[in-house]
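K.L.:
Here it is: the structure, laid out below.
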Amino acid sequence: MTGDVKETFTIPPAPAALAAKVRTLAPSMTRSMRRVAEAVAGDPAGCAALTVTALAQLTGTSEATVVRTARLLGYPGYRDLRLALAGIAAQQQSGRAPAVTADIAVDDPIADVVAKLAYDEQQTLADTAAGLDTVQLAAAVSALAGARRIDVYGVGASGLVAQDLAQKLLRIGLIAHAHSDPHLAVTNAVLLRAGDVAVAISHSGSTGDIIEPLRVAFDHGATTVAITGRPDGPVSQYADHVLTTSTARESELRPAAMSSRTSQLLVVDCLFIGVAQRTYDTAAPALSASYEALAHRHAPRGTAR
């Protein structure tokens, strides 16, 4: 059920982040709150001109629902949300986004497919960057930089992202392992303790094979991090730090696995760069050594020894 949505009072999102926040929080909203959120995200200029009563009438909800939605989105009240909507409308008038959608049809020419996918990828990355909590990100970076051992959990498309994070951390001298087998993930998680870090990657935030090892790691005292498109999902219960990725629209030809991986990889790169900065004195030599070790594999044919 979605009726138990908790109101959170945070720093209001920047205008560019509002649409991203609506997409992220929509699955956890009540139906009436979702109608309000989708209305303000879909027509910021029109809604900016509406009173709280008019917006409630437009969306078939109540004034209280409109105010609750504004607060859930991070604004102290509806007046603050209207000011943000006016700012978004001004931005759109000065430079509108390309008139292209990611709804790919079976008979679309390949050039249109490229244009639509490129635009959707850009939007996914922009939404993730706008909605990423940099305080949580910095805390996760600190934990990873000082970790004795790092376990990363992911299955399916998220498993590929888990492997990417683990191999990046290995290249700078950290002990990191990616686990896509749920049994191995749990048996490794029981060996973690304070000073270790467990990272769970789950777009839905409700994948049991990911939640279980993270819970075990959490119970054994490890610092836990969740990279998810559903910050209100079950996986967050066992996460010390939650990093939210963009929740892009799915389509028949482009399932969530594709769009979620794009945003997950951005978060992974942010984590890696942050850790490399914190551990530069050891990371730089380790990275150079790994490049040197593989250099002969990239030499022109006939020059390798």
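The values are calculated or read from the model by the stated rules, or taken from the named source; none is laboratory data. Keep in mind that what you see is a predicted model, and the values were worked out from it rather than measured. Neighbour counts are summed over all protein chains in view; Cβ atoms, including those assigned to glycine, are modelled from backbone coordinates with ideal geometry. Ligands, DNA and RNA are excluded from the accessible area calculation, which covers all protein heavy atoms including side chains. Shrake-Rupley method; radii C 1.70, N 1.55, O 1.52, S 1.80 Å.
K.L.:
Give the residues of the range 61-75 that are crowded, with 21+ Cβ neighbours inside 10 Å, assigned to a loop (DSSP other than H, G, I, E, B) and at pLDDT 90 or above, sorted by residue number.
P.N.:
Hit for the range 61-75 is T61, nothing else.
K.L.:
Can I ask one more? Among the residues of the range 98-116, is any hydrophobic (A, V, I, L, M, F, W, C), at pLDDT 85 or above and touching a helix residue (DSSP H, G or I) at 6+ places or on another chain (Cβ under 8 Å)?
P.N.:
no
K.L.:
Hey, can you tell me all the residues within the range 168-207 that are open to solvent by 10 Å² or more (accessible area, probe 1.4 Å), under 22 Å from the mean Cα position of the chain (by Cα) and modelled with pLDDT of 95 or more?
P.N.:
Across the range 168-207, the qualifying residues are K168, H177, A178, H179.
K.L.:
Looking at the range 127-144 only, could you name the residues that are in contact with a helix residue (DSSP H, G or I) (Cβ under 7 Å, 6 or more places away or on another chain) and closer than 13 Å to V199 by Cα?
P.N.:
L137, A140, V141, L144
K.L.:
Next question, about the same structure. Sort out which residues of the range 45-57 are in contact with a Lys or Arg (Cβ under 9 Å, 6 or more places away or on another chain) and surrounded by fewer than 21 Cβ atoms within 10 Å (Cβ to Cβ), and write them in order of number.
P.N.:
Correct list: A48, A49, L50, T51, V52.
K.L.:
Determine which single condition V155 fails, assuming it passes every other condition in (1) among the β-branched types (V, I, T); (2) buried (at least 22 other Cβ atoms within 10 Å of the Cβ); (3) at pLDDT below 95.
P.N.:
Every listed condition holds for V155 apart from (2).
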